[in-house]
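The values are calculated or read from the model by the stated rules, or taken from the named source; none is laboratory data. Worth saying up front: this structure is predicted, and the values here are computed from it rather than measured. No Cβ is skipped: glycine too gets one built from the backbone with ideal geometry, and neighbour counts run over all protein chains shown. Accessible surface is based on the protein model in full, side chains and every heavy atom, while ligands, DNA and RNA are left aside. Shrake-Rupley method; radii C 1.70, N 1.55, O 1.52, S 1.80 Å.
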Amino acid sequence: MIVAQISDPHLTADGAPVHGVVDADEALRRTIAAVNALVPQPDVVLVTGDLTHDGALQATHRVRCLLMGLHAPVQVVGGNHDLRNSVRAVFGPFPEVDGAGGIVYAVEDYAVRLLALDASTDDPFRSTLPESQVVWLAARLAEAPTRPTILFLHHPPFDTGIAWLDEMGIAEGRHEIGALIAAHGNVAAILCGHLHRPMRGQWYGVPVLAAPSVMNRVIFSGYRDDDTPIITVTAPPGFVVHHWSEASGLCSTLHFLDGHAENWGTPCPDPCPPC
Ligand SMILES: [Fe+2]
(Lines give C-alpha, C1' and ligand atoms only; values in the text may rest on other atoms or scores of the structure.)
Protein backbone atom coordinates (compact mmCIF):
# COMPACT_ATOMS: atom_id res chain seq x y z
CA MET A 1 0.00 0.00 0.00
CA ILE A 2 1.29 3.45 -0.89
CA VAL A 3 0.12 6.59 0.91
CA ALA A 4 1.12 10.02 -0.37
CA GLN A 5 0.92 12.77 2.21
CA ILE A 6 0.69 16.44 1.41
CA SER A 7 0.21 19.07 4.05
CA ASP A 8 -0.45 22.69 4.80
CA PRO A 9 -1.30 24.09 1.35
CA HIS A 10 -2.74 27.28 2.96
CA LEU A 11 -4.82 28.43 0.02
CA THR A 12 -6.42 31.85 0.27
CA ALA A 13 -9.99 32.71 -0.69
CA ASP A 14 -9.03 34.81 -3.70
CA GLY A 15 -5.71 33.25 -4.64
CA ALA A 16 -3.75 36.17 -3.20
CA PRO A 17 -0.19 35.24 -2.12
CA VAL A 18 0.14 34.03 1.47
CA HIS A 19 1.69 36.82 3.56
CA GLY A 20 2.03 38.65 0.25
CA VAL A 21 4.92 36.32 -0.60
CA VAL A 22 3.94 32.75 -1.50
CA ASP A 23 1.79 31.65 -4.43
CA ALA A 24 0.04 28.81 -2.57
CA ASP A 25 -2.07 27.87 -5.60
CA GLU A 26 1.01 27.30 -7.70
CA ALA A 27 2.70 25.34 -4.89
CA LEU A 28 -0.29 23.01 -4.58
CA ARG A 29 -0.53 22.60 -8.35
CA ARG A 30 3.15 21.63 -8.53
CA THR A 31 2.67 19.15 -5.70
CA ILE A 32 -0.37 17.57 -7.34
CA ALA A 33 1.57 17.21 -10.59
CA ALA A 34 4.46 15.57 -8.72
CA VAL A 35 2.12 13.14 -6.94
CA ASN A 36 0.35 12.32 -10.21
CA ALA A 37 3.74 11.55 -11.75
CA LEU A 38 4.58 8.92 -9.13
CA VAL A 39 4.98 5.40 -10.48
CA PRO A 40 3.31 3.42 -9.10
CA GLN A 41 0.50 5.71 -8.09
CA PRO A 42 -0.45 6.02 -4.41
CA ASP A 43 -3.51 4.16 -3.26
CA VAL A 44 -4.61 7.23 -1.34
CA VAL A 45 -3.47 10.80 -0.71
CA LEU A 46 -3.76 12.20 2.82
CA VAL A 47 -3.89 15.97 3.28
CA THR A 48 -2.94 16.72 6.87
CA GLY A 49 -4.56 20.05 7.48
CA ASP A 50 -4.23 23.77 7.00
CA LEU A 51 -6.01 23.29 3.73
CA THR A 52 -6.61 27.02 3.79
CA HIS A 53 -4.88 30.03 5.24
CA ASP A 54 -7.92 31.63 6.83
CA GLY A 55 -10.61 28.94 6.91
CA ALA A 56 -12.85 30.74 4.44
CA LEU A 57 -15.48 28.61 2.72
CA GLN A 58 -14.38 29.95 -0.66
CA ALA A 59 -10.77 28.98 0.05
CA THR A 60 -11.85 25.49 1.12
CA HIS A 61 -13.81 25.10 -2.13
CA ARG A 62 -10.73 26.16 -4.06
CA VAL A 63 -8.63 23.54 -2.29
CA ARG A 64 -11.12 20.85 -3.21
CA CYS A 65 -11.17 21.99 -6.83
CA LEU A 66 -7.39 21.67 -7.06
CA LEU A 67 -7.28 18.36 -5.18
CA MET A 68 -9.77 16.95 -7.68
CA GLY A 69 -6.82 17.02 -10.09
CA LEU A 70 -5.20 14.16 -8.18
CA HIS A 71 -5.51 10.77 -9.83
CA ALA A 72 -5.66 8.95 -6.47
CA PRO A 73 -8.48 9.21 -3.91
CA VAL A 74 -8.05 11.90 -1.26
CA GLN A 75 -8.75 12.01 2.48
CA VAL A 76 -8.42 15.27 4.41
CA VAL A 77 -8.29 16.57 7.95
CA GLY A 78 -8.48 20.20 9.01
CA GLY A 79 -5.80 22.24 10.74
CA ASN A 80 -5.62 25.22 13.02
CA HIS A 81 -5.95 27.59 10.03
CA ASP A 82 -9.13 25.87 8.83
CA LEU A 83 -12.69 26.17 10.05
CA ARG A 84 -14.40 22.89 10.83
CA ASN A 85 -17.68 24.07 9.35
CA SER A 86 -15.97 24.91 6.08
CA VAL A 87 -14.15 21.56 5.92
CA ARG A 88 -17.37 19.70 6.74
CA ALA A 89 -19.38 21.65 4.16
CA VAL A 90 -16.89 21.09 1.35
CA PHE A 91 -15.38 17.67 2.08
CA GLY A 92 -18.08 16.05 4.19
CA PRO A 93 -20.19 14.43 5.33
CA PHE A 94 -18.12 13.31 8.30
CA PRO A 95 -19.46 11.49 11.36
CA GLU A 96 -20.09 13.60 14.44
CA VAL A 97 -17.79 12.07 17.04
CA ASP A 98 -16.70 14.66 19.54
CA GLY A 99 -19.73 16.95 19.75
CA ALA A 100 -17.62 19.86 18.57
CA GLY A 101 -17.49 19.25 14.83
CA GLY A 102 -14.07 17.64 14.83
CA ILE A 103 -13.08 15.86 11.61
CA VAL A 104 -12.78 12.33 13.03
CA TYR A 105 -13.35 9.23 10.90
CA ALA A 106 -12.08 5.82 9.85
CA VAL A 107 -11.11 4.71 6.33
CA GLU A 108 -11.51 0.96 5.93
CA ASP A 109 -10.77 0.59 2.21
CA TYR A 110 -7.09 -0.34 2.36
CA ALA A 111 -4.65 -2.86 3.75
CA VAL A 112 -3.76 -0.31 6.41
CA ARG A 113 -6.64 1.18 8.31
CA LEU A 114 -6.60 5.00 8.38
CA LEU A 115 -7.95 6.81 11.44
CA ALA A 116 -8.35 10.59 11.32
CA LEU A 117 -8.18 12.63 14.51
CA ASP A 118 -8.65 16.36 14.98
CA ALA A 119 -6.99 18.40 17.72
CA SER A 120 -7.99 21.74 16.19
CA THR A 121 -10.34 24.08 18.01
CA ASP A 122 -12.03 27.34 17.09
CA ASP A 123 -8.95 29.09 18.50
CA PRO A 124 -6.08 28.67 16.00
CA PHE A 125 -3.56 28.92 18.81
CA ARG A 126 -5.12 26.20 20.97
CA SER A 127 -5.33 22.48 20.22
CA THR A 128 -6.66 19.59 22.24
CA LEU A 129 -7.84 16.01 21.81
CA PRO A 130 -11.12 15.85 23.73
CA GLU A 131 -12.02 12.81 25.79
CA SER A 132 -14.68 11.88 23.24
CA GLN A 133 -11.98 11.39 20.60
CA VAL A 134 -9.92 9.29 23.01
CA VAL A 135 -13.00 7.14 23.65
CA TRP A 136 -13.63 6.89 19.90
CA LEU A 137 -10.03 5.84 19.22
CA ALA A 138 -10.15 3.28 22.02
CA ALA A 139 -13.24 1.72 20.43
CA ARG A 140 -11.70 1.70 16.93
CA LEU A 141 -8.49 0.07 18.12
CA ALA A 142 -10.39 -2.44 20.25
CA GLU A 143 -12.55 -3.59 17.34
CA ALA A 144 -9.52 -4.37 15.13
CA PRO A 145 -6.60 -4.86 17.52
CA THR A 146 -4.31 -6.66 15.07
CA ARG A 147 -5.05 -4.69 11.90
CA PRO A 148 -2.23 -2.37 10.78
CA THR A 149 -3.34 1.19 11.39
CA ILE A 150 -2.11 4.70 10.64
CA LEU A 151 -3.36 7.71 12.59
CA PHE A 152 -3.35 11.06 10.82
CA LEU A 153 -4.06 14.51 12.15
CA HIS A 154 -2.72 18.04 11.75
CA HIS A 155 -0.94 18.55 15.07
CA PRO A 156 1.97 16.32 16.09
CA PRO A 157 1.77 15.06 19.68
CA PHE A 158 5.44 15.62 20.51
CA ASP A 159 7.19 18.81 21.63
CA THR A 160 9.37 20.19 18.85
CA GLY A 161 11.68 22.41 20.90
CA ILE A 162 10.39 25.39 18.91
CA ALA A 163 8.69 27.44 21.60
CA TRP A 164 6.06 29.25 19.57
CA LEU A 165 4.98 26.01 17.91
CA ASP A 166 4.92 24.08 21.16
CA GLU A 167 2.74 26.78 22.70
CA MET A 168 0.13 25.76 20.09
CA GLY A 169 0.75 22.06 20.73
CA ILE A 170 -1.90 19.58 21.85
CA ALA A 171 -2.78 20.64 25.38
CA GLU A 172 -4.86 17.64 26.47
CA GLY A 173 -5.45 14.09 25.35
CA ARG A 174 -2.10 13.37 23.71
CA HIS A 175 -0.85 11.14 26.51
CA GLU A 176 -4.15 9.29 26.63
CA ILE A 177 -3.85 8.66 22.87
CA GLY A 178 -0.28 7.53 23.39
CA ALA A 179 -1.25 5.07 26.10
CA LEU A 180 -3.88 3.57 23.80
CA ILE A 181 -1.54 3.03 20.88
CA ALA A 182 1.13 1.61 23.18
CA ALA A 183 -1.39 -0.83 24.61
CA HIS A 184 -2.44 -2.14 21.19
CA GLY A 185 0.81 -2.28 19.25
CA ASN A 186 -0.80 -2.18 15.78
CA VAL A 187 -0.31 1.52 14.95
CA ALA A 188 2.40 1.79 12.29
CA ALA A 189 2.76 5.57 12.46
CA ILE A 190 1.17 8.89 13.30
CA LEU A 191 1.22 11.26 10.30
CA CYS A 192 1.01 15.01 10.90
CA GLY A 193 1.69 18.40 9.40
CA HIS A 194 1.56 21.80 11.08
CA LEU A 195 5.31 22.32 11.50
CA HIS A 196 6.05 23.35 7.89
CA ARG A 197 9.22 21.33 7.99
CA PRO A 198 9.94 17.61 8.10
CA MET A 199 10.32 16.33 11.63
CA ARG A 200 10.44 12.85 13.04
CA GLY A 201 9.57 11.91 16.59
CA GLN A 202 8.32 9.04 18.71
CA TRP A 203 5.14 8.89 20.69
CA TYR A 204 4.76 6.00 23.10
CA GLY A 205 6.95 3.87 20.86
CA VAL A 206 5.22 4.76 17.59
CA PRO A 207 6.95 6.82 14.85
CA VAL A 208 5.51 10.28 14.35
CA LEU A 209 6.25 11.85 10.97
CA ALA A 210 5.49 15.51 10.34
CA ALA A 211 5.42 16.38 6.64
CA PRO A 212 6.73 19.65 5.21
CA SER A 213 4.28 22.16 3.82
CA VAL A 214 3.76 22.19 0.09
CA MET A 215 4.39 25.98 0.25
CA ASN A 216 7.30 25.63 2.60
CA ARG A 217 9.58 28.28 1.23
CA VAL A 218 8.60 30.66 4.00
CA ILE A 219 6.78 30.36 7.27
CA PHE A 220 4.94 32.83 9.43
CA SER A 221 6.67 32.99 12.80
CA GLY A 222 4.65 35.59 14.67
CA TYR A 223 4.28 39.34 14.79
CA ARG A 224 6.74 42.11 15.53
CA ASP A 225 5.86 44.90 17.95
CA ASP A 226 4.58 46.97 15.01
CA ASP A 227 2.21 44.10 14.00
CA THR A 228 4.09 43.26 10.81
CA PRO A 229 4.41 39.49 10.28
CA ILE A 230 7.72 37.73 10.87
CA ILE A 231 8.52 35.52 7.86
CA THR A 232 11.23 32.89 8.22
CA VAL A 233 12.76 30.92 5.36
CA THR A 234 12.68 27.21 6.12
CA ALA A 235 13.07 23.88 4.35
CA PRO A 236 12.02 23.60 0.69
CA PRO A 237 8.46 22.57 -0.16
CA GLY A 238 7.73 18.88 -0.43
CA PHE A 239 5.53 15.92 0.31
CA VAL A 240 5.97 12.39 1.66
CA VAL A 241 5.42 8.95 0.20
CA HIS A 242 4.78 6.17 2.71
CA HIS A 243 5.15 2.60 1.49
CA TRP A 244 3.68 -0.11 3.70
CA SER A 245 3.96 -3.85 3.27
CA GLU A 246 3.08 -6.65 5.61
CA ALA A 247 6.60 -8.01 5.35
CA SER A 248 8.48 -4.84 6.25
CA GLY A 249 6.09 -2.30 7.74
CA LEU A 250 6.34 1.38 6.90
CA CYS A 251 9.04 3.06 4.81
CA SER A 252 8.73 6.82 4.29
CA THR A 253 10.42 8.94 1.64
CA LEU A 254 10.55 12.71 1.64
CA HIS A 255 10.14 14.26 -1.81
CA PHE A 256 11.23 17.83 -2.35
CA LEU A 257 9.68 19.70 -5.23
CA ASP A 258 13.12 20.45 -6.65
CA GLY A 259 13.12 16.79 -7.67
CA HIS A 260 15.36 15.27 -5.05
CA ALA A 261 14.11 12.65 -2.64
CA GLU A 262 15.59 10.99 0.39
CA ASN A 263 14.69 8.21 2.73
CA TRP A 264 13.47 9.71 5.94
CA GLY A 265 11.45 8.79 8.96
CA THR A 266 11.30 5.13 9.83
CA PRO A 267 14.33 3.03 8.92
CA CYS A 268 13.91 1.20 5.64
CA PRO A 269 14.58 -2.51 5.35
CA ASP A 270 17.49 -3.62 3.21
CA PRO A 271 16.81 -3.78 0.33
CA CYS A 272 14.38 -0.89 0.54
CA PRO A 273 11.12 -1.50 -1.34
CA PRO A 274 10.26 1.02 -4.07
CA CYS A 275 8.85 4.02 -2.25
FE1 LIG B 1 0.23 25.37 8.38
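Taking a 1.4 Å probe, which of S120, S132 shows the most accessible area, and what order do the others take after it? Could the numbers behind the result be given before it?
Working: S120 5, S132 40 Å².
Accessible-area ranking of S120, S132, largest first: S132, S120.
What longest range of the chain stays clear of loop-exposed GluC sites (Glu not before Pro) (DSSP non-H/G/I/E/B, at most 16 other C-beta within 10 angstrom)? List each step's numbers first, then the result.
On the way: sites that count: E96, E108, E167, E172, E246.
That would be 1-95.
Taking a probe of 1.4 angstrom, what is the accessible area of F125 in Å², to the nearest 10?
In the full protein context, F125 sits at about 130 Å².
Give me the number: length gained by fully extending A183 to A89, i.e. 0.36 nm times residue separation minus the C-alpha to C-alpha distance, one decimal in nm.
Between A183 and A89, full extension yields an extra 30.3 nm.
Keeping all protein chains in place, calculate the accessible area per residue for the chain (probe 1.4 angstrom), answer in Å².
On a per-residue basis, 40 Å².
Calculate for the chain the 222 nm mean residue ellipticity that helices alone would give, adding -39,500 (n - 2.57) per DSSP H run of length 4 or more and normalising by residue count, nearest 500 deg cm²/dmol. Show your work: numbers first, answer last.
Working: 6 runs with 60 residues, N = 275.
The helix contribution divided over the chain gives -6500 deg cm²/dmol.
With springs only between Cα atoms under 10 Å, which of G55, G205, G169 fluctuates most in a Gaussian network model of the chain?
In this elastic network of the chain, the residue with the biggest mean-square fluctuation among G55, G205, G169 is G205.
Among G249, G79, G161, which one shows the highest mean-square fluctuation when the chain is modelled as a Gaussian network with alpha-carbon springs under 10 Å?
Fluctuation is largest for G161.
From Cα pairs below 8 angstrom and at least 6 apart in sequence, can you work out the relative contact order of the chain, rounded to a whole percent?
Here the relative contact order equals 18 percent.
What is the distance in Å between the Cα centres of segment 86-138 and segment 149-186?
14
Where the accessible area of segment 2-263 is counted over protein heavy atoms with a 1.4 Å probe, how much of it, in %, is carbon and sulfur? Please report the intermediate quantities before stating the final value.
Numbers: 5600 of 10340 Å².
The value for segment 2-263 is 54 percent carbon and sulfur by accessible area.
Rounded to whole Hz and in sequence order, give me ³J(HN,Hα) for segment 173-186 from the Karplus expression 6.51 cos²θ - 1.76 cosθ + 1.60, θ = phi - 60°, writing x for Gly and Pro.
x, 5, 6, 5, 4, x, 5, 5, 5, 5, 6, 9, x, 10
Magnitude of the Cβ-charge dipole of the chain, K/R +1 and D/E -1, about the Cα centre, nearest 20 debye?
Here the chain has a charge dipole of around 560 debye.
Among D82, D25, D123, which one shows the biggest mean-square fluctuation in a GNM of the chain, springs joining Cα atoms closer than 10 Å?
D123
Just how many % of Cα pairs in the chain lie over 35 Å apart, if you round to the nearest whole percent?
9
What is segment 1-144 by shape, rounded, prolate or oblate, if you read a ≥ b ≥ c off the alpha carbon gyration tensor as root eigenvalues and call it rounded for a/c under 1.5, prolate for a/b larger than b/c, and oblate otherwise?
It comes out oblate by the Cα gyration axes.
For the chain, give me the percentage of DSSP beta bridges that are antiparallel, rounded to the nearest 5 percent.
Antiparallel: roughly 60 percent of the beta bridges in the chain.
Tell me, what is the percent relative contact order of segment 1-130, built from C-alpha pairs under 8 Å that lie six or more residues apart?
Values: 243 pairs, mean separation 28.7, N = 130.
Averaging sequence separation for qualifying contacts and normalising by length gives 22 percent for segment 1-130.
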